[in-house]
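Below is one structure, written out as structure tokens; comments come after it.
The values are calculated or read from the model by the stated rules, or taken from the named source; none is laboratory data. Since this is a predicted model, take the numbers as computed values, not measurements. Here the Cβ positions follow ideal geometry from the backbone for every residue, glycine too, while neighbour counts run over all protein chains shown.
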2 protein chains.
Amino acid sequence: MIPRQTVNMTDVAQRCGVSIASVSRALRGEPGVSPATRDRIMSAARELAYVVSPEASRLSGGSTGRVGVVVPRIDAWFYATVLAGVADEFDAVGVDLVLCTLPDSSARHRFFEALPLRRKVDAVIIVSVPLSARERTRLDQLGVPTVQVGGHHPPGRRPWIGIDDELAASQAVGHLLRIGHRDIAMIQAVDHEGTAWAADEARIRGFHDQMTAAGVAEPTVVRVPWGIDGGAHGMETLLSRSRLPSAVFCHSDEIALGALRTLRKAGVGVPQQISVIGVDDHPSAELSELTTVAQPVREQGRLAAVSVLGALQDDGGVMPARTTLPTRLVIRNSTAPPH
Amino acid sequence: MIPRQTVNMTDVAQRCGVSIASVSRALRGEPGVSPATRDRIMSAARELAYVVSPEASRLSGGSTGRVGVVVPRIDAWFYATVLAGVADEFDAVGVDLVLCTLPDSSARHRFFEALPLRRKVDAVIIVSVPLSARERTRLDQLGVPTVQVGGHHPPGRRPWIGIDDELAASQAVGHLLRIGHRDIAMIQAVDHEGTAWAADEARIRGFHDQMTAAGVAEPTVVRVPWGIDGGAHGMETLLSRSRLPSAVFCHSDEIALGALRTLRKAGVGVPQQISVIGVDDHPSAELSELTTVAQPVREQGRLAAVSVLGALQDDGGVMPARTTLPTRLVIRNSTAPPH
DNA sequence: CTGAAAGCGCTTACAG
DNA sequence: CTGAAAGCGCTTACAG
């Protein structure tokens, strides 16, 4: 017989002269094990570097010790930072993080139809991904607690953690209005697949509401694809028009950074000739002295992890269903009163 | 939550009047099932929307369908991008990615002592993490194929994928020398815990070799902690000295971006008064018009995934033991001949 | 408090 | 080609 390379529960039990049932109970902190036995088992497990088999545990009705985290992409500052916050909390309690990326609508479709996470995780955190009614149903069919970070507010009782994107946009536009701007354009970012992302829509709404309240009926709007290049292109479009607005509200810092690049290349002074403001407080925003509305990103990941971990407790946890984190205006050198 | 549906292999078997052994064989395309039986089984499985339980399958079969990926952090462009490359390949073949972060030496120590990935994954990709002899041994004790991305070259036959950091530094410094600089300083980044990271050491070596070859015996060197703020601080130190070098080679783009920030605030013209060059081609490098040496990051993740997936094949795969990807000088506006 | 035993849902020799 | 049966490594009633 080929020697087993992994130590299993039986090895731990034999080492202590107890049954595997007691080992199982002790390791999971279940009641019904005397303190002395529990101690012997715990140290034997440590000495043998025993790790419970998630497969067997799950198969016999236990948990997997894994939580799935679903993000659109990883190689984007926002998602990577949310993920870092989640990982912080998971590390602390020894939960394994199974990562799923859904870069486009086809990947999303496949994900919700096949449910590849099925039976593999105890819970799911889903970040930003827009969910149709059917997708929400499919998510429920995973049969595990689910927490949303960002995205549209879920209709049911699914916990949600995020910021108020409409308020964030209002804070940005409000700042421009307050220092005297009226001719404010917005560079909006849109998904090239036409998917409606909650944050996009809310920021656009926030912009229009503020402008309407300030008595500007039809502000200039440019729509570009996401990303720095999109922002650069958006500003090129604005520059090609007959009249330059005195300020531009950008959908996000990435858009704003692209806009700044275009302005620098065109020799247009910021903030002397035009003010620029973004949303996010991306690390590059400070470098470029970009005024922006900061959101706590890592914290969103942390809270989502805490929420999901709480839902896994026997008592079901006590997280509020909806947690809205504050956003904060950060004034730097890219905004000033109009000339 | 809606309860998970529970159609199992026995249901399919009963529906066809065959044994679960035949169902198992048919579903996995194994030989030893008559075409007629196979057809009956396949359509019954489809009608019942049967999905194999991965837990049970793996408990009997052996493999987990999961690969662990170990990175120092996620919320850093380099690691997030490597991860994205890995995820690309894993998604294509349905392998699950279990993420581990080791932010500091204490986390690394815990990881190698406890081996939390044990029994949980079929293979491991370890990114950049410096490995002591003991840690390499521990990694081997996981008993699964392991692939390194970056970091010191492993002594054994562990596959390695990365760039030649010494060459990258030489490309950067070579460019400065070629356009006429001789008074070149380096801002080196060091780990605040004193850990020796392979890339750091190699870039420093590349710098000194080039300078020595150019006849400069003792170039100016400043050592700062990693990150943008470190770079900013390093440049402040250089500015405080009696004589400003004509060019600065920065350990990485992040260091260079911090240096550029300091120079802008101090009103020192780049590249008129001083040239600055980095390494990486970080997304912000283009924004800041920073000359740099680009490395293919996502590709490193992709190749690591391909390598590890190959090692999981029955034939053991045929990946070369060591793959060095090319780096490339990208000239932008932060470098020019000395005044 | 503790253990023997019955599964959980599969895969895989081993027989027929 | 096909099936009965022995696990894989756990959890959890059920007894003692």
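Considering every residue within segment B:256-268, establish whether at least one is β-branched (Val, Ile, Thr) and either more than 14 Å from chain A (Cβ to nearest Cβ) or not in a helix (DSSP H, G or I) (or both).
Within segment B:256-268, the subset β-branched (Val, Ile, Thr) is B:262, B:268.
Those still in the list that are either more than 14 Å from chain A (Cβ to nearest Cβ) or not in a helix (DSSP H, G or I) (or both) too: B:268.
Yes; the residues of segment B:256-268 include at least one that is β-branched (Val, Ile, Thr) and either more than 14 Å from chain A (Cβ to nearest Cβ) or not in a helix (DSSP H, G or I) (or both).
Selection of segment A:44-89 for residues being at pLDDT 90 or above, charged (D, E, K, R) and out of contact with any Ser or Thr (no Cβ under 8 Å at 6 or more places or on another chain) yields A:ARG66, A:ASP88, A:GLU89.
Among helices (runs of 4 or more DSSP H) entirely within segment B:1-111, having at least 3 residues that are within 11 Å of DNA strand D (Cβ to nearest atom) and within 11 Å of chain A (Cβ to nearest Cβ) singles out B:54-61. For segment A:147-163, check the following and say yes or no: at least one residue is at the interface with chain B (Cβ under 10 Å from one of its Cβ atoms) and among the β-branched types (Val, Ile, Thr). No, every residue in segment A:147-163 fails to be at the interface with chain B (Cβ under 10 Å from one of its Cβ atoms) and among the β-branched types (Val, Ile, Thr).
Only one entry in A:HIS175, A:HIS192 is more than 16 Å from the chain's Cα centre (by Cα), buried (at least 19 other Cβ atoms within 10 Å of the Cβ) and either in the same structural domain as A:SER275 (by TED's automatic domain parsing) or under 22 Å from A:VAL224 (Cα atoms) (or both), namely A:HIS175. The residues of segment B:222-246 that are touching a Lys or Arg at 6+ places or on another chain (Cβ under 9 Å), closer than 25 Å to B:PRO337 by Cβ and either of a type in the set (A, V, I, L, M) or modelled with pLDDT under 95 (or both) amount to a single one, B:MET235. For segment B:270-339, the strands (runs of 3 or more DSSP E) that sit wholly inside it and include 1 or more residues that are surrounded by fewer than 24 Cβ atoms within 10 Å (Cβ to Cβ) are B:291-294, B:322-325, B:328-330.
Just one of the listed residues (A:SER132, A:SER170, A:SER128) is more than 14 Å from every other protein chain (Cβ to nearest Cβ) and without any contact (Cβ under 8 Å) to a residue 40 or more places away in the chain, namely A:SER132. Applying the set (1) out of contact with any Ser or Thr (no Cβ under 9 Å at 6 or more places or on another chain); (2) surrounded by 21 or more Cβ atoms within 10 Å (Cβ to Cβ) to A:ALA92 leaves exactly one unmet item: (2). Residues that are modelled with pLDDT under 95 and within 14 Å of chain A (Cβ to nearest Cβ) were ranked within segment B:283-324; the one that is nearest to the chain's Cα centre (by Cα) is B:PRO283. Residues that are free of Cβ contacts under 8 Å to residues at least 12 places away in the same chain and more than 7 Å from DNA strand C (Cβ to nearest atom) within segment A:14-24 comprise just one, A:GLN14. Being within 22 Å of the chain's Cα centre (by Cα) and touching a residue at least 60 places away in the same chain (Cβ under 8 Å) is the filter here; which residues of segment A:205-253 pass it? Listed by number, the residues that qualify are A:CYS250, A:HIS251, A:SER252.
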